[in-house]
1. Restricting the search to region 12-27, which residues are part of a loop (DSSP other than H, G, I, E, B) and surrounded by 11 or more Cβ atoms within 10 Å (Cβ to Cβ)?
2. Go through region 12-54 and give me each residue that's acidic (Asp, Glu) and under 19 Å from Gly73 (Cα atoms).
3. Of everything in region 77-91, what is at pLDDT 90 or above and either in contact with a Ser or Thr (Cβ under 9 Å, 6 or more places away or on another chain) or among the small types (Gly, Ala, Ser) (or both)? Give them in sequence order.
4. Answer with yes or no whether Ser98 is modelled with pLDDT under 95, of a type outside the set (Phe, Trp, Tyr) and touching a Ser or Thr at 6+ places or on another chain (Cβ under 7 Å).
5. All but one of (1) of a type outside the set (A, V, I, L, M); (2) more than 22 Å from Asp96 (Cα to Cα); (3) modelled with pLDDT under 95 hold for Glu44; state the number of the condition that does not hold.
6. Cβ contacts < 7 Å: first residue free of Cβ contacts under 8 Å to residues at least 40 places away in the same chain, restricted to region 32-48; second residue small (Gly, Ala, Ser) and buried (at least 19 other Cβ atoms within 10 Å of the Cβ), any location; separation 6+ or different chain. Result?
Amino acid sequence: MKNRKIKDRCEKNHFIKCPEVCKTYDAVQTAYAKLLQKREDISEFRCNVPFEVDEGDELERYTTDFVCVKVDGEIMVRECLWRKNITRPKMSRLLDLSKDYWNGRGVTDWGIVVDEEK
């Protein structure tokens, strides 16, 4: 999950299951996109899907890392993050915003993807 005003370097990939160019901003996102491409239960996925949250007097714009459509039509949402950032208060707040946003739209399969422990 990222702020929509991303100015980091990105890696652009083409995947059969992703209808647009898949722009990933870190190794966790890239690895998960490759995994989604291989999974047989996923028919399509999109990365960095924008959404807006009302934060008092202004709208904040964020992106969800992956929104996937399973073969059975169910929507699956995944947020990617580094293990070292999982306990940061800002990350916790952003994850809560994402989960609430997608739960409000009927998505029940929401989760996080964390890099491997070394």
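The values are calculated or read from the model by the stated rules, or taken from the named source; none is laboratory data. Just so you know, these numbers come straight off a predicted model, no measurement behind them. We place every Cβ from the backbone using ideal geometry, glycine too, and count neighbours over all the protein chains shown.
1. If we filter region 12-27 for residues that are part of a loop (DSSP other than H, G, I, E, B), which is where we start, we get 14-21, 25-26.
Selection gives Phe15, Lys17, Cys18, Val21, Tyr25, Asp26.
2. Restricting attention to region 12-54, the residues satisfying the condition of being acidic (Asp, Glu) are 20, 26, 40-41, 44, 52, 54.
Passing the criteria: Glu40, Asp41, Glu44.
3. Within region 77-91, Val77, Arg78, Glu79, Cys80 qualify.
4. Working: modelled with pLDDT under 95: yes; of a type outside the set (Phe, Trp, Tyr): yes; touching a Ser or Thr at 6+ places or on another chain (Cβ under 7 Å): yes.
Here the answer is yes, as Ser98 does meet what is asked.
5. (3)
6. Cys47/Ala33
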